[in-house]
Amino acid sequence: MAETMQAIRMYKTGGTDVLELEQIHKPVPRVGQVLVKVKSISINFADILVRRGHYPYMPDFPATPGAECAGYIERVGPGVENFTAGQAVLVFGKPCYSSYLAVSQERIFPIPPGVDLDEAAALPVTYLAAWHMLHTMRRVRERETILLYAAAGGVGTAVLQLAKLAGARVIGLTSTDEKARFLREAGCWKVINYKTENVLSKVMDCTYGQGADLILDSVGGEGFKDNFRMLNTLGQIIWFGISGGMPRANILKAFARNPAPSHTVSVFHLFSIIQNRPLLRHSMKNLINLLAEEKIKPVIHARLSLLEAGKAHRMLEEQQNIGKIILHP
């Protein structure tokens, strides 16, 4: 009789009720694959967009959500090199809301001894996005000022840590006083509660009328146009999320105003990094080393069981989290 495992399955898009915990066949590793016993699964807002049916790269149904997890290799398939049974590994880019995962050796990264698996699972999506926005698209410099949307979220806390390592200053936008206190304690230069404060005036005040050098916008929506009023000369906007919907700003009109600004608008999507294998492996190696050296530390908001995947999604949707939410199979 074939062995079984637990997995979250989706047969349609919708609310959290479409996330069904099922017993399905345990996979067998094929050529070039390993079988990973999953210990820690990290939740991302992209998982919610998939569940709602709004993600640009939708899976075929029935589908298992997820993009990052950590665990131990249980078996190696034929042709696998440099990995052995019992080794701790990080898995990135495969659906992983399950207790086991058969995955290509190209999608796994070794975890050094002593590294917490929950923290390792929380690393790829948020820290890769933060790393490449700061160091590939921008080349952030010491003393630059960064305006960061959703600063207390997964990507936000990753940006804050990596920006501090680079010597940059972060103005964090958040929605509650509790999150504001956390951000100040975490080393945010300035914190603005966008629910109760005027973001534009606060940003311009604390930058002495100059504006931010870099704006990292994960929201988009109607407010995207305000970014152009908060940007310093030669400043850059990197748009990387749609939690507020698609941006509705007329970018050409913003560039054509008098006097004309010298600004850059860029779009970042992590999928492009996943497709570039050498770039992915190089940046993941850097981040895993920083984690092992305790120079970065993913913030874990909650640890829930796989059965509570729906609860985890609601926490993210309602912006209850500070940092990442982890599922344990």
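Going by alpha carbons, how many degrees (0 to 90, nearest 10) lie between the helix axis of 154-166 and the longest principal axis of the chain? Here the helix axis deviates by roughly 70 degrees. With only Cα atoms counted, region 194-329 has Rg and Dmax values of 18.7, 57 Å. Please list, in chain and number order, the residues 5+ apart from residue 241 or on another chain whose amide H is under 5 Å from its amide H, with Hs placed from the backbone. Excluding prolines and chain starts, which carry no amide H, the hits are 219. Our estimate of slack between residue 20 and residue 166, defined as 0.36 nm per intervening residue step minus the Cα-Cα distance, is 48.3 nm. Here the Kirkwood formula, the inverse mean of 1/r across different C-alpha pairs, assigns region 132-245 a hydrodynamic radius of 13.7 Å.
Do the sum for the chain: with -39,500 (n - 2.57) for every DSSP H run of n ≥ 4, divided by all residues, what is the mean residue ellipticity at 222 nm, to the nearest 500 deg cm²/dmol?
Values: 10 runs with 88 residues, N = 329.
Using -39500 (n - 2.57) per qualifying helix, the result is -7500 deg cm²/dmol.
Using alpha carbons only, how many angstrom separate the centre of region 6-54 from the centre of region 151-219? Region 6-54 and region 151-219 have Cα centres separated by 33 Å. Computed with a 1.4 Å probe over protein heavy atoms only, the accessible area of residue 20 comes to about 80 Å². Which entries of 94/195; 39/94; 195/295 show an alpha-carbon separation above 25 angstrom in the structure shown? Result: 94/195; 195/295 exceed 25 Å. Using θ = phi - 60° in the Karplus curve 6.51 cos²θ - 1.76 cosθ + 1.60, the 3J(HN,Hα) couplings for region 177-188 round to 5, 4, 5, 4, 4, 4, 5, 5, 5, 7, x, 5 Hz; x is entered for Gly and Pro. Take every Cα pair under 8 Å whose residues are at least 6 apart in sequence, average their separation, divide by the length of region 209-329, and the relative contact order is 18 percent. These residues, 308, 119, go from largest to smallest accessible area, 1.4 Å probe, as 308, 119.
Recomputing Rg/Rh (Cα atoms, Kirkwood Rh) from the coordinates shown identifies the correct label among (i) 1.28; (ii) 0.99; (iii) 0.97 as (ii). Each label point was placed 7 Å from the Cα along the Cα-to-Cβ direction; for residue 294 and residue 210 their separation is 3.5 nm.
With a cut-off of 8 Å between alpha carbons and a minimum separation of six or more residues, what is the relative contact order of the chain in percent? Before the final figure, lay out each step's value.
Numbers: 699 pairs, mean separation 56.9, N = 329.
Relative contact order of the chain: 17 percent.
Under a Cβ-only charge scheme (Lys and Arg +1, Asp and Glu -1), can you give me the dipole magnitude of region 114-165 about the Cα centre, in debye to the nearest 20? Please list the in-between numbers first.
Working: 5 positive and 5 negative charges, 78 e Å.
Value, rounded to 20: 380 debye.
Normalising by the residue count of region 79-155, find the relative contact order in percent from Cα pairs under 8 Å and 6+ residues apart. Kindly include the intermediate steps, with their values, before the conclusion.
Working: 35 pairs, mean separation 20.9, N = 77.
The normalised contact order for region 79-155 reaches 27 percent.
Backbone N atoms of region 301-321 closer than 13 Å to the 7 Å Cα→Cβ label point of residue 195 belong to residues 318-321.
Farthest toward the positive end of the dipole of the chain, out of 91, 242, 125, is the Cα of 242, where the dipole comes from beta carbon charges about the Cα centre. Subtracting the Cα-Cα distance of residue 175 and residue 30 from their residue separation scaled by 0.36 nm leaves 47.5 nm. In this structure, residue 320 and residue 11 have a Cβ-Cβ separation that, at R0 = 22 Å, corresponds to a calculated FRET efficiency of about 0.20. Lacking any other cysteine beta-carbon closer than 4.7 Å, the following Cys residues of the chain have no compatible partner: 188, 206. Expressed to the nearest 5 percent, the antiparallel share of DSSP beta bridges inside the chain is 55 percent. The charge dipole of the chain, taken about its Cα centre with unit charges on the Cβ atoms of Lys, Arg (+1), Asp and Glu (-1) only, comes to about 620 debye. Listed by chain and number, the aspartates and glutamates whose C-alpha is less than 13 Å from the C-alpha of residue 225, apart from same-chain residues fewer than 8 away, are 217.
The values are calculated or read from the model by the stated rules, or taken from the named source; none is laboratory data. Owing to the predicted nature of the structure, the values given are computational and were not obtained by experimental measurement. Virtual Cβ from ideal backbone geometry, glycine too; neighbours counted across all protein chains shown. Quick note on the areas: whole protein, heavy atoms, side chains included, nothing else; ligands and nucleic acids left out. Shrake-Rupley method; radii C 1.70, N 1.55, O 1.52, S 1.80 Å.
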